[in-house]
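Novice: Input: one structure, supplied below.
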There are 2 protein chains.
Amino acid sequence: MPTPTAFPLNAIRFTDGVLGERIERVGTTTLLRQWDAINDRIPGALPSHAVRNLRIAAGDVEGEFDGLCFQDSDVAKWLEAACYRIQFAPDPKLSAAINELVDLYERAPDDDGYLHTYTQLKPEAKRWENLRDLHELYCAGHFIEAAVAHFDATGSTRLLTVARNLADLLDRTFGEGPDQIRAYPGHPELELALVKLARASGEIRYQNLAEFFVRERGRSPHYFVEEANRRQEKQPPVWAYFDGQAYWQAHVPVTEQTEPGGHAVRAMYLYAAMADLARETGAVDLKRSCQRLWDEMVARHLYIIGGVGADGPGGENFSEPYDLPDDRSYAETCAAIGLMMWARRMLDLSLDSQYADVMELALYNNVLAGLSQDGCHYFYVNPLAVNPGETRRRYDCRMVKTQRVPWFGCACCPPNVARLLSSLGHYAVSKSSVGLALHLFAPMTIKHGDWALRVETRYPWEGEVKITVEAAPEGEAELAIRQARADWTVNGTAAGEAVMGYLRLLRVWQPGDVIAAEIPLPVERIRAHPRVTSAAGRVALARGPIVYAVEEVDHGGGLPSFGITRDAALSPRWEADAWGGVTTIVGQAVRELPPETLYETNLNLPRETVPLRAVPYAWWGNRGEGEMRIWIRDYES
Amino acid sequence: MPTPTAFPLNAIRFTDGVLGERIERVGTTTLLRQWDAINDRIPGALPSHAVRNLRIAAGDVEGEFDGLCFQDSDVAKWLEAACYRIQFAPDPKLSAAINELVDLYERAPDDDGYLHTYTQLKPEAKRWENLRDLHELYCAGHFIEAAVAHFDATGSTRLLTVARNLADLLDRTFGEGPDQIRAYPGHPELELALVKLARASGEIRYQNLAEFFVRERGRSPHYFVEEANRRQEKQPPVWAYFDGQAYWQAHVPVTEQTEPGGHAVRAMYLYAAMADLARETGAVDLKRSCQRLWDEMVARHLYIIGGVGADGPGGENFSEPYDLPDDRSYAETCAAIGLMMWARRMLDLSLDSQYADVMELALYNNVLAGLSQDGCHYFYVNPLAVNPGETRRRYDCRMVKTQRVPWFGCACCPPNVARLLSSLGHYAVSKSSVGLALHLFAPMTIKHGDWALRVETRYPWEGEVKITVEAAPEGEAELAIRQARADWTVNGTAAGEAVMGYLRLLRVWQPGDVIAAEIPLPVERIRAHPRVTSAAGRVALARGPIVYAVEEVDHGGGLPSFGITRDAALSPRWEADAWGGVTTIVGQAVRELPPETLYETNLNLPRETVPLRAVPYAWWGNRGEGEMRIWIRDYES
């Protein structure tokens, strides 16, 4: 008998604040708009053809496949997001759309369960011929995730049954058996989906298949090499220009991978699956590998906005350690979402705030930046510095958009940000055998089992957090609270020492108990490692998890020399009218006055003093096009 | 009756020093090695096939064309260089090779004079079908330049006759007449060659054709647009990704072009031809356009090493103003050579040291860097910063080599640096109606007409310059000497005021007269315009025309944080043993000690003090692979 996979999302209600408002906008605006987009109903936007492909496969309409080989995944991710949404906010329109898709998905697969409309509809395409590039298994993963979300949302096993038929086909097809293919997905995603499916269905085979995929990866004889030879491939695709098999995280077996590399989204999804399997199976080698990759990423590959991906023909790959350019950063919204997925799973492996800190950083900066204030425009690439003239003209910035756009030809990010925000409860709170753990601070209520908690806070704008226990299980139970550099009290009494950044409050809880803290939110200047050339001689401004940017609209152009002196007083300013309320950073900034000449021996350019108004990075670009930068000059005097 | 075109190169002998030694190495090593290269006789190197194509066209061997559509130009540029060399240093080996080529060139063209082995030998290629991309006219230009150089070197009209046959064909084919093609070269070069041919032959038609090509460019109806339509071209080639017709400097007529743009080498050759025509015809509009483009280039597009070309799919285009990245600079050797060619022609239009200053800067830095100390290895792209790991891994640095290489598949730069250095006399001295002008300071003798001058100096390492008049014409004559910030004396008496950076010494000269100065050569810190992000918070070190770089081999790695404090004492140091003697800059430098973490709120990283040894940029990379950078941190304290 299938069982729900995780914390039911309706247990957690974000009641207000930055996260609550974003989640609400996704639910009331973004999801409906995206439904129109994938149904080709947005005038002027590039047609997606994604739902239409499914209709053709289901036999409802005639036509040819159109779009990218992973076009199916846009529908699946949207469906997953919608199924998250209706768990905590029923919506007849969304439910109708969901049902429409369920009906299509029941009829679209081949008789043996195979589902990938690209391969099904393209006359020249054949199953399993190019597992490296054609995203069959990736799309299967996204569909399975959607099916599990649908089951969690509705209790119906209709979609789960379709997913199991597909997974059973995969389980028959792939493996170490004599007639099986020893392969793995070119784009990881299926692995973590199969772990979810195993939990939902109670069928361990799916998890075993996930582990097979993960452990077979990069082994010798090398599947992608042999497959490419069968295709008589003359040279690897341009996107693997430098990385070779590491582009697909398939250069060596995963337990031998020590540095995060290759396509950043693929890496995040793979590492997330490794963490899943380590949790489910207790595999120490996978856990160790995850930790090594995590440490290396955080120490040498992480953008200050909580993003990854700095180079490559498409820009989307990990580069060398410390190579974190700001003007041609990729920092794909999907990669930051993948990073959150991985971080959240690392928290399951080990309740250590290092993961929650990065997860929160990615959320408030790189992920939220991916979606406009109106909920209908998106960044795929998230630059840390923009100079519109240069950005538009420079070939190496060709992937960077200077403003959010309504949709993309490759539209992976929009539904991804929708499903992340619609399932944010999963990232805010987790349950353990002895209680609950709180990872994110936001105004919310948590009602699960015998627990009822109310979190009151204006974080991240203000530091005060008050958690009221409204109901608790009988007997001792643990509430684990991320410390966030604060001194916590329980009913006014110091709460004691944190363990790995979490207060482990094990006690008999009573209704009315109050856990409280004032999380320190000083305005901070942050410098990067001296090998990060884009940040040399520069600082970024941050306050709590929020990284700030300066924009031309507030300061005029010429931001490359815009900066602050060491003695400049900086303070937070609550601006109720800005985007419904944000805290900006204000103070005094300076900028060098542009000289006539390109080169001069006089080192001291005259400067002008200008009022500083730094805005939260995720909010940038909502006021027209202009220069923007995070790393501003650090003038010693 | 043909007449020699310019200053005979044997009138100027570089007797020693940086320039003399380089010129000698080119003559004794580089040219012979290149002759082997274009004859496919260097084991292990990519075969060039360039001479072989000519042999096939001449009917001496059977075979198919191989190489790029501009492969012919490698031979022509080599021949031009060799013909310069033998003007001042007779060499039987070179003369034999030259004669071999003359013989081939007499037999390779079609009966009507047409010469472009790519089109002649490729069965599918047809004349004049793709003037934008196929370099027919570019190759014609290089051949004509070689023919003029051969005539200047030998007095023989054999090659000049071949060139005239070709030019006559072009003159019949292109123009505004009813049966003529109103087109122009995709890669300018022919234009300046035709001006040379007109001078050598006394036939003004060639110059008129050059002017037609220059003025037709970018006019409406637009030839390249129509030609592309005839080819049913679906989209422009990737290299014109952003620039469109501006890639070919054909977006508007040249007299309306205000900002240097597009492919940098093409731009330099075009602007050089415009300056030629302005000089020959007195066309004020062309002169004005040249000056506007020059001013804009110097104020916003010039690398500190005297190079241009900062972006584009291949990296070789002008980018936005101030967009001068250091780690993915192109600064192609050919573009710097083109810049010298243009600058030299601007000096003919107006004896103003602003042109000589840039010409000298390009020569001592970007151009000399293109050739290794051994005379057999080349940079095509000249980076201003290298971190071998990043450079090799980053896709946007894929054109950058971390070390000089023996040859290139696209080998435009090696013979170009050979012809530039072998004709350097043309850049050092020019003649005017009233005398001579001296633009470059180097130990040399100048014997021309009634003039005999001896220049003694150790410039650019030492500032003292002594020019002795050993013979002079009777009566008043002018010697124009570039001032170079020095106080000049004539026979010990102050020489008076300079006009536009040149001392105009008009007097009756006597043997034994001495013009002398001590050119100030302080070690200078140079900062860039604050919009140049790669140089923000950084300085470059320079002394006279020499720009310096720091290398890992002298300082260890981690150069991004390597820098100097404002109070650091810097001094020049003559190092007799380094590459036969160079002046380095020494003093005390600092470097931040690398921390463990990627981001920190502590802004003051501990620093270590290290001895500074900055080497002349053009000499970098002669001691193995390692980090290098020009822009080093400018620590205020």
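The values are calculated or read from the model by the stated rules, or taken from the named source; none is laboratory data. This is a predicted model, so every value here is computed, not measured. Heads up, the Cβs are rebuilt from the backbone with ideal geometry, glycines too, and the neighbour counts pull from every protein chain shown. What goes into the accessible areas is simple: the full protein's heavy atoms, side chains included, and nothing from ligands, DNA or RNA. Shrake-Rupley method; radii C 1.70, N 1.55, O 1.52, S 1.80 Å.
Novice: Note down the magnitude of the dipole of the protein assembly as shown about its Cα centre, charges +1 on Lys and Arg C-beta and -1 on Asp and Glu C-beta and zero elsewhere, to the nearest 20 debye.
Specialist: 620
Novice: Assign one of three labels to the range B:523-635, namely rounded, prolate or oblate, based on the Cα gyration tensor with a ≥ b ≥ c the square roots of its eigenvalues; rounded applies when a/c is under 1.5, prolate when it is not and a/b is larger than b/c, and oblate otherwise.
Specialist: Prolate.
Novice: Which distance in Å, rounded to a whole number, links the C-alpha centroids of the range B:100-170 and the range A:560-626?
Specialist: 59
Novice: How far is A:GLU62 from the same spot in each other copy, in nm, shortest first, if each label point sits 7 Å from Cα toward Cβ?
Specialist: From this label point to the equivalent ones elsewhere in the assembly: 5.7 nm.
Novice: Quick check: net charge around A:THR565, other residues with Cβ under 12 Å of its Cβ, Lys/Arg +1 and Asp/Glu -1?
Specialist: It works out to a net charge of +1.
Novice: While we're on this one: Along Cα→Cβ at 7 Å, what distances in nm separate the A:ALA569 label point from those on the other copies, shortest first?
Specialist: 4.2
Novice: I've got another one for you. Along the positive direction of the dipole of the protein assembly as shown (beta-carbon charges: Lys, Arg +1; Asp, Glu -1; about the Cα centre), which of B:TYR395, B:LEU605, A:MET346 reaches farthest?
Specialist: B:LEU605
Novice: Work out which residues of the range A:312-331 lose at minimum 50 square angstrom of accessible surface when the other protein chains are put back, relative to the chain isolated, with a 1.4 angstrom probe, and list them by number.
Specialist: Residues losing area: A:GLU320, A:ARG328.
Novice: Take the alpha carbon atoms of the range B:275-301, find their center, do the same for the range B:336-360, and report the distance between the two centers in whole angstrom.
Specialist: The range B:275-301 and the range B:336-360 have Cα centres separated by 11 Å.
Novice: Order A:130-138, B:417-425 from most to least packed using the mean count of other Cβ atoms within 10 Å.
Specialist: Answer by packing, highest mean first, reads B:417-425, A:130-138.
Novice: Sorted by mean Cβ packing within 10 Å, highest first, what order do the peptides A:604-612, B:99-107 take?
Specialist: Result, highest mean Cβ count within 10 Å first: B:99-107, A:604-612.
Novice: Which of the residues in the range B:220-269 show a loss of at least 50 Å² in accessible area from their chain by itself to the complete set of protein chains, at a probe of 1.4 Å?
Specialist: For the range B:220-269, once contacts with the other chains are taken into account, B:PHE242 lose 50 Å² or more.
Novice: Among B:PRO260, B:ALA240, B:PHE212, whose Cα projects farthest towards the positive end of the dipole of the range B:188-287, with charges put on the beta-carbon of Lys, Arg (+1) and Asp, Glu (-1)?
Specialist: Value: B:PHE212.
Novice: How charged is the neighbourhood of B:GLU316? Take every other residue with its Cβ under 12 Å from the Cβ of B:GLU316, and add Lys/Arg as +1 and Asp/Glu as -1.
Specialist: Around B:GLU316, the surrounding residues sum to -1.
Novice: Next question, about the same structure. Running Debye on the range B:1-144 with equal point scatterers at the Cα sites and no solvent, what base-10 log of I(q)/I(0) appears at q = 0.15 Å⁻¹?
Specialist: -0.82
Novice: Hey, another quick one. Using a ≥ b ≥ c from the Cα gyration tensor of the protein assembly as shown (square roots of the eigenvalues), is it rounded, prolate or oblate, where a/c under 1.5 gives rounded and otherwise the larger of a/b and b/c decides, a/b for prolate?
Specialist: prolate
Novice: Round to a whole number: what % of the accessible area of the range A:431-518 belongs to carbon and sulfur, probe 1.4 Å?
Specialist: 47
Novice: A:LYS401 accessible area, nearest 10 Å², 1.4 Å probe?
Specialist: The accessible area comes out at roughly 90 Å².
Novice: In square nanometres and to one decimal, what's the mean projected area of the convex hull around the Cα atoms of the range B:218-401?
Specialist: 11.8
Novice: Which residue is it, in chain A, that holds its beta carbon closest to the axis of the A-onto-B rotation, and how many whole angstrom away?
Specialist: Result for the axis mapping A onto B: A:GLY537, 1.
Novice: Provide the per residue accessible area, probe 1.4 Å, for the protein assembly as shown, rounded to a whole number of square angstrom.
Specialist: Computed with neighbouring chains in place, this is 34 Å² per residue.
Novice: Across peptide A:519-532, how many C-beta atoms of other chains are within 10 Å of each residue C-beta, on average?
Specialist: Per residue, the number of nearby Cβ atoms from other chains is 5 on average.
Novice: Right, here's the next one. Relative contact order for the range B:431-518 using alpha-carbon pairs under 8 Å, separation at least 6, rounded to a whole percent?
Specialist: 30
Novice: Right, something else. What quantity of accessible surface, computed with a 1.4 Å probe and excluding non-protein components, is buried in total between chains B and A, in Å² to the nearest 100?
Specialist: Using a 1.4 Å probe on protein heavy atoms, the buried area is about 6000 Å².
Novice: Return the average number of partner chain Cβ atoms within 10 angstrom of each residue Cβ along peptide A:391-400.
Specialist: Mean number of neighbouring Cβ atoms from other chains: 6.
Novice: Averaged over its residues, how many other protein chain Cβ atoms are within 10 Å of peptide A:596-609's Cβ atoms?
Specialist: Mean partner shielding for this stretch: 5.
Novice: Could I ask something else about it? Return the distance in nm (one decimal) between the two label points of a simple spin-label model at B:ALA452 and A:SER433, each offset 7 Å from Cα along Cα→Cβ.
Specialist: Roughly 10.4 nm, to one decimal.
Novice: Determine the shape class of chain B: with a ≥ b ≥ c the square roots of the Cα gyration tensor eigenvalues, call it rounded for a/c under 1.5, and otherwise prolate if a/b is greater than b/c, oblate otherwise.
Specialist: Verdict is oblate for chain B.
Novice: What does the charge count around A:ALA516 come to, taking other residues whose C-beta lies under 11 Å from its C-beta (Lys +1, Arg +1, Asp -1, Glu -1)?
Specialist: -4
Novice: Take peptides A:209-222, A:304-317 and line them up by average Cβ neighbours within 10 Å, highest first, as a rough protection proxy.
Specialist: A:304-317, A:209-222
Novice: Ignoring ligands, DNA and RNA, how do A:HIS263, B:HIS448 rank by accessible area with a 1.4 Å probe, largest first?
Specialist: B:HIS448, A:HIS263
Novice: If you don't mind, there's one more thing I want to ask. Would you kindly work out, in nm and rounded to one decimal, the distances from the label point of B:ASN208 to those of the same position in each other copy, ordered shortest first, with label points 7 Å along Cα-to-Cβ?
Specialist: Label-point separations across copies, in nm and ascending: 9.0.
Novice: Each label point is 7 Å from the Cα along the Cα-to-Cβ direction; what then is the distance between the points at A:GLN588 and B:GLU129, in nm?
Specialist: Computed distance between label sites A:GLN588 and B:GLU129 equals 7.0 nm.
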